[in-house]
1. I'd like the residue in segment 142-178 that is of a type in the set (Phe, Trp, Tyr) and at pLDDT below 85 and, out of all such residues, is least open to solvent (accessible area, probe 1.4 Å).
2. What single numbered condition from (1) modelled with pLDDT of 90 or more; (2) over 21 Å from the mean Cα position of the chain (by Cα) fails to hold for ALA224?
3. Which condition from (1) at positive phi; (2) in a helix (DSSP H, G or I) is the one that THR227 breaks?
4. Would you say PRO315 is touching a helix residue (DSSP H, G or I) at 6+ places or on another chain (Cβ under 7 Å) and more than 23 Å from ASP20 (Cα to Cα)?
5. Being among the small types (Gly, Ala, Ser), without any contact (Cβ under 8 Å) to a residue 12 or more places away in the chain and within 28 Å of VAL97 (Cα to Cα) is the requirement here; does GLY46 meet it?
6. With the condition kept exactly as written, say whether any residue in segment 97-106 is open to solvent by less than 30 Å² (accessible area, probe 1.4 Å), touching a helix residue (DSSP H, G or I) at 6+ places or on another chain (Cβ under 9 Å) and of a type in the set (Val, Ile, Thr).
7. So MET367 passes all but one of these: (1) in contact with a Leu (Cβ under 7 Å, 6 or more places away or on another chain); (2) modelled with pLDDT under 90. Which condition number does it fail?
8. Among the helices (runs of 4 or more DSSP H) lying completely within segment 1-87, list those that include at least 2 residues that are open to solvent by less than 20 Å² (accessible area, probe 1.4 Å) and within 15 Å of PHE178 (Cβ to Cβ).
Amino acid sequence: MTPSAARIAVTIALAHAVNDAYASIVPPLLPRLMDSLGISIAMAAGLGAAFSIATALPQPFFGYLGDRFGRRTLVVGGMLASAVFVSVIGFAPSYWVLLVLLVMGGLGGAAFHPPGASYAVRVTAGKGGGARYSVFSFGGAAGYSVGPLVAVGLVAWGGMERLWVAMLPAILLAPFFFFGLPSGRSEARDHAPAPRPSAILRQLAGPLGIVFGISSAMTFVQRAFLTMEPIIVAEMGGSEALGAVALSVYLGAQAFGTVAGGLLSDRMDRPRLLFVLCALALPAHLLAVWLGPWNALGFAAIAAAGFLGMSTLPPIVVMAQEMIPRAPGASSGIVMGLAWTVGSVGVMGAGAAADVAGPHAAALMSMPVAGLAALLALHPRLKWLPTERGR
């Protein structure tokens, strides 16, 4: 018997939590890696960018494979690759070995996300795609928020070499996820084949390209904050633990932002919703960087920034999947992975600016990009898009 859409959403959300916990292990350890390997802020930002690009750029390709040949193997195999390669970075003897390990771990995340998102939304299941995606995204954000604390805790317990213990939950839970998800092969056979890759990419000339631009801009803002904040804290005399707590507050708030964004996307005009969320995210991120995690007001700003930034993702993904319903994995890969790549490349520029002007100034200069996302949400070509409520 095929599991219900709700049960699939919960199962894939749990897998998402496990997968994304490994994605957030690296940022709080950047100051330690900078000291142990003798690298600059720009090189440290390059590590984060390389991991993010490897997690993001191949996503349309993996999404297309999932649409054509089935999703379950990609989801479970990708999660395991993320777990294993990220958990052994403590054994890396040099910058370049560390870079390779992070790229391999990132490819695991790239294999997981597009088929995972299409499992969750399930456009063919009808109404409630935004709510189902919010469950999926909440799982990922929750896991992402736990990752920094796990990383710092394991390193404090036994040094970087003890980080390998982090892979055990993924290995133990992999069979549960594999047998709890339906086989994607039968689904691929029962539905019309996905469009050719060239036909999918041509959609970027239309509304899909506008949504892609919104996602890229918001990705840059969030990745810049995540990369710069622990470095800012360290340079201002704060502890590694304080930087990790700041990231966890930001990421924990993102988890609740995905729930709000998903529920609202089923009830509101999605382009209008994106405009409001992006417009509010701009001052929230500026305050978060300016105030920092030094008092309650600063933590409140950090939480608000995380909440508003990530709440944009559910409407973005649901809109993309509705634009190309026969290729939900590939369309998700474009507005997630390809957009995340563009945003991550921008973070490399922010890292270079930080080496010149300092991380605090570079972060403040990066946040206004959220305003560009708000302007794109006002584009008239998005106005024709349907909402679940109007169907």
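The values are calculated or read from the model by the stated rules, or taken from the named source; none is laboratory data. Since this is a predicted model, take the numbers as computed values, not measurements. All Cβ positions, glycine included, derive from the backbone under ideal geometry; neighbour counts span all protein chains shown. With ligands, DNA and RNA removed, areas are computed over all heavy atoms of the protein, side chains included. Shrake-Rupley method; radii C 1.70, N 1.55, O 1.52, S 1.80 Å.
1. Taking segment 142-178 first, the residues of a type in the set (Phe, Trp, Tyr) are 144, 157, 164, 176-178.
Now restrict to residues that are at pLDDT below 85: 144, 157.
Details: TYR144: 42, TRP157: 157 Å².
Only one residue fits best here, namely TYR144.
2. ALA224 satisfies all of (1) modelled with pLDDT of 90 or more; (2) over 21 Å from the mean Cα position of the chain (by Cα) except (2).
3. (1)
4. No.
5. Judged against the criteria, GLY46 is not a match.
6. no
7. It fails just one condition, (2).
8. Ranges flagged: 5-23, 72-87.
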